[in-house]
Amino acid sequence: MNDFTDNIPTTSEGYYGDYGGAFVPETLIAALEQLSHEFDAAWADDDFRAEFDRCLREIAGRPSELYFAGRLTEQFGGAKIYLKREDMNHTGAHKINNTLGQALLAKRMGKRRVIAETGAGQHGVATATAAAVFGLECEVYMGTEDIRRQALNVFRMKLLGAKVVPVESGQRTLKDATNEAMRDWMGSVEHTHYILGSVCGPHPFPLMVRQFQRCIGTEARSQMLEVEGRLPDVVVACVGGGSNAAGIFVPMIEDKSVAMVGVEAGGRSLDLGDHAAPLCLGDPGILHGSHSYVLQDADGQTAQVHSVSAGLDYPGVGPEHSYWRDTGRVRYTTCSDDEAIDALMTLCRSEGIIPALESSHAVAEAIKIAPTLKADQIVLVNLSGRGDKDCNEIQEILARREGK
């Protein structure tokens, strides 16, 4: 079974320093308390953990590969660049780790229906997959702008038996889909489990999701020691809500020799409304039941956001990332839309790998960092997903660049 340690800087109320908590309507308090109790009991249950580990191995296809990007390293010089290949998981991203864990928990609680929000569609596909595996009814909320951008994943969800519920409110993206999923859960909590897709939302979701995702970093840590005999000097991951980053950071968070960098969506510019970078440019606030960094306008209202990547197009972030930001344990930066597209093209042509637009943000930062380091140093990138889902969008973007 995977070696899960439990270095969790939280109180029983789900706080990471000043961040976290459960700021929800009264109707959800009992459900969250039950969920917290059930998760704690499951996580302490050897049989549950063994079944989760079996699912990761037999369904998700874990462990994912650690890949030395030799040609990319040669192209940019400096440190060796390694990729943690979450793009090779079943369903094409890290999201399957969490959905398998939460679907197992839903079964344990006797819930026969699951719901989810999705932006890029990867969490939606992973939820639909887990629901099909365990025989659960599944509905996925998705903004109509993301439905347009991610048509392939919409079809995949439907093919897997899920109902995709279009969301027309707001910007019609991830925040709005999350709003609608929360509303559904408030009215259906007795028979429905909400499989929230990132380390956001009210306690215990940030804790649950990061525990189900920490297999990424547990594997990567062991693989680096086996291959290189030491840990990486820098670990880089993109950050939207923050689950792939938390998953790879947590098992190495106590290793002070390992620097960590989270890359947010810099979008079109760093003007409010043009990006999705709450850790770099936001302020503490409440969003979707959690106290964390949030992008807000002058009146304190949640701001509009933009990213070329639907999965990073979110105005908030997980509370543990906010804690790491304030303590300085993780450095957070931004990557623009254009930089992400350029990094995607670079990885395609140097390594034959088409990364997701989300993951391309992390690649862009890695190829900035590597040349500043020595040849005997190591940069590890969490390649959180593959880019099949983005090909139509990328094709349109490249055509616009070329003036066609």
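Restricted to the range 318-404, the set of helices (runs of 4 or more DSSP H) holding at least 1 residues that are open to solvent by 40 Å² or more (accessible area, probe 1.4 Å), in contact (Cβ under 8 Å) with a residue 24 or more places away in the chain and of a type in the set (F, W, Y) comprises 319-327.
Exactly one residue out of L35, L66 is buried (at least 18 other Cβ atoms within 10 Å of the Cβ) and touching a His at 6+ places or on another chain (Cβ under 9 Å), and it is L35. Checked against (1) modelled with pLDDT of 95 or more; (2) closer than 25 Å to R62 by Cα, D388 passes all but a single condition, namely (1). Among residues of the range 150-165 being more than 20 Å from A103 (Cα to Cα) and not aliphatic (A, V, I, L, M), the one that is surrounded by the most Cβ atoms within 10 Å (Cβ to Cβ) is Q150.
Checked against (1) modelled with pLDDT of 95 or more; (2) more than 16 Å from A116 (Cα to Cα); (3) over 17 Å from the mean Cα position of the chain (by Cα), H193 passes all but a single condition, namely (2). When the range 148-176 is filtered for residues that are hydrophobic (A, V, I, L, M, F, W, C) and either in a strand (DSSP E or B) or at pLDDT 95 or above (or both), the ones remaining, listed by number, are V154, F155, M157, L159, L160, A162, V164, V165, V167. Among the residues of the range 305-312, are any touching a strand residue (DSSP E or B) at 6+ places or on another chain (Cβ under 9 Å), open to solvent by 10 Å² or more (accessible area, probe 1.4 Å) and at pLDDT below 95? So far as the range 305-312 goes, yes, one or more of its residues are touching a strand residue (DSSP E or B) at 6+ places or on another chain (Cβ under 9 Å), open to solvent by 10 Å² or more (accessible area, probe 1.4 Å) and at pLDDT below 95. Every condition in (1) closer than 23 Å to T118 by Cα; (2) in contact with a strand residue (DSSP E or B) (Cβ under 8 Å, 6 or more places away or on another chain) holds for Q377 except the one numbered (1). Taking the criterion of being of a type in the set (G, A, S), in contact with a strand residue (DSSP E or B) (Cβ under 9 Å, 6 or more places away or on another chain) and on the phi > 0 side of the Ramachandran plot, the only residue of the range 286-304 that qualifies is G300. With respect to the conditions (1) in contact with a Pro (Cβ under 9 Å, 6 or more places away or on another chain); (2) open to solvent by 10 Å² or more (accessible area, probe 1.4 Å), V227 falls short on a single one, namely (1). For the range 266-304, the tally of residues that are of a type in the set (A, V, I, L, M), farther than 18 Å from E180 by Cα and in a loop (DSSP other than H, G, I, E, B) stands at 5. Among the residues of the range 370-391, which ones are within 22 Å of the chain's Cα centre (by Cα) and not acidic (D, E)? Passing the criteria: V379, L380, V381, N382, L383, S384, G385, R386, G387, K389, C391. Within the range 209-257, being in a loop (DSSP other than H, G, I, E, B) and closer than 14 Å to E86 by Cα holds for one residue alone: R214.
For the range 69-96, the set of residues classified as open to solvent by 60 Å² or more (accessible area, probe 1.4 Å) and either closer than 19 Å to A220 by Cβ or within 19 Å of the chain's Cα centre (by Cα) (or both) consists of K80, M88, H90, listed by residue number. Of all residues in the range 111-128, those satisfying the criterion of being more than 17 Å from S359 (Cα to Cα) and open to solvent by 10 Å² or more (accessible area, probe 1.4 Å) are K111, R112, R113, E117. Within the range 323-371, which residues are in contact with a Lys or Arg (Cβ under 7 Å, 6 or more places away or on another chain) and either more than 20 Å from L152 (Cβ to Cβ) or among the polar types (S, T, N, Q) (or both)? Those that are in contact with a Lys or Arg (Cβ under 7 Å, 6 or more places away or on another chain) and either more than 20 Å from L152 (Cβ to Cβ) or among the polar types (S, T, N, Q) (or both): Y332, D337, S350, E351.
The values are calculated or read from the model by the stated rules, or taken from the named source; none is laboratory data. Note that the structure is predicted; figures quoted are calculated from it, not measured. So basically every Cβ, Gly included, is an ideal-geometry build from the backbone, and we count neighbours across all protein chains shown. Please note that ligands, DNA and RNA were not included when accessible areas were found on the heavy atoms of the full protein model with its side chains. Shrake-Rupley method; radii C 1.70, N 1.55, O 1.52, S 1.80 Å.
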